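Please treat every number below as a calculation from the coordinates, not as lab data. Predicted, not measured: the structure shown is a model, and the values here were computed from it. With ideal geometry, Cβ positions are generated from the backbone for all residues, glycine too; neighbour counts draw on all protein chains shown.
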């Protein structure tokens with residue numbers, strides 16, 4: 001049964017607090033950069049090259065946490081059936097992928113400077129991160145392959161939960177491995193001096209705030225697009241000369257009609273009728 | 001292992017930071033392009049709504 005569309009005024013808005021978050025992200029990033037280049041001394045072992053660590057490690061931590069968060073948000077989607085949770089999960093995973101690309105590139109640059117190689121296949125930390133990245137790289141094609149929005153959201157949520165559970169397990173397996181070259185930053189073996197530790201934590205905080213700000217930014221943009229699509233449907237529903245823009249998309253469509261997935265064979269990909277319009281009263285002409 | 005001197009390590013460090021900031025800038029630029037598209041659509045819809053309102057208003061006798 002089709003669920004009634006939510007009134008526009010009742011929909012959650014993501015734009016609130018975005019400006020403050022953006023300012024906080026920029027200020028923290030500036031502070032972190034100042035600390036990295038002007039305050040914290042060079043590492044005795046790595047020298048100036050160690051400064052990559054303040055960007056590479058936070059990127060890796062935030063991208064992995066983002067993947068896990070995507071899985072947690074997907075659980076909420078499956079529990080409630082609310083497509084907004086799917087959108088939140090999608091944006092978290094999408095953004096984590098961007099951060100993961102940054103992790104891989106900055107890590108490779110560091111490896112080239114420190115080890116003399118861009119990539120070391122025998123290093124479990126590198127290979128395991130690459131596996132996680134490649135796993136999540138299939139998330140968007142998976143979504144794109146499923147045309148029915150309801151089914152797309154459900155399958156993507158199952159994928160996000162399964163892979164989200166795999167991320168900490170993978171991390172733990174690598175931690176238990178003894179055959180590694182990759183330096184360990186946090187944990188029992190860490191003996192980071194306080195200046196290094198403080199700079200690292202400020203960088204991590206800056207990266208976290210940046211992630212949240214970008215997540216909110218993309219959520220606001222996606223929500224605005226969805227509202228514009230709803231508005232277009234409302235304005236053009238009685239006009240035959242206006243063809244609503246539609247097409248296959250990997251991104252969630254929270255404004256798409258919430259009809260049950262087609263069950264008859266060969267009906268996959270059928271275009272569903274538009275959802276009932278939100279109750280908007282039009283003033284009658286005087 | 002002795003630390004790499006600044007002139008050797010410097011390009012690597014700056015390359016890493018440039019990569020990161022380029023990623024962020026490209027991401028924000030893509031979002032800005034999409035926002036422009038939405039803005040254009042809002043203008044078109046506003047025009048359509050105005051047109052519909054004019055069509056609904058009966059001519060004054």
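Data overview
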item	result
Residue mean of other protein chain beta carbons inside 10 Å, B:19-29	5
Residue A:195 paired with residue B:54, simple spin-label distance in nm, labels 7 Å along Cα-to-beta-carbon	7.0 nm
Gain in span if fully extended, residue A:120 to residue A:75, counting 0.36 nm per residue against the direct Cα distance	12.6 nm
Projected label distance in nm at residue A:18 and residue A:130, using a 7 Å step from Cα toward the beta-carbon	3.8 nm
Per-residue mean of C-beta atoms belonging to partner chains within 10 Å, peptide A:195-201	0
Globularity index of segment A:23-230, i.e. its alpha-carbon radius of gyration over 2.2 N^0.38 Å	1.11
Peptide ranges A:132-138, B:28-34 listed from the most packed, as the mean C-beta count within 10 angstrom indicates	A:132-138, B:28-34
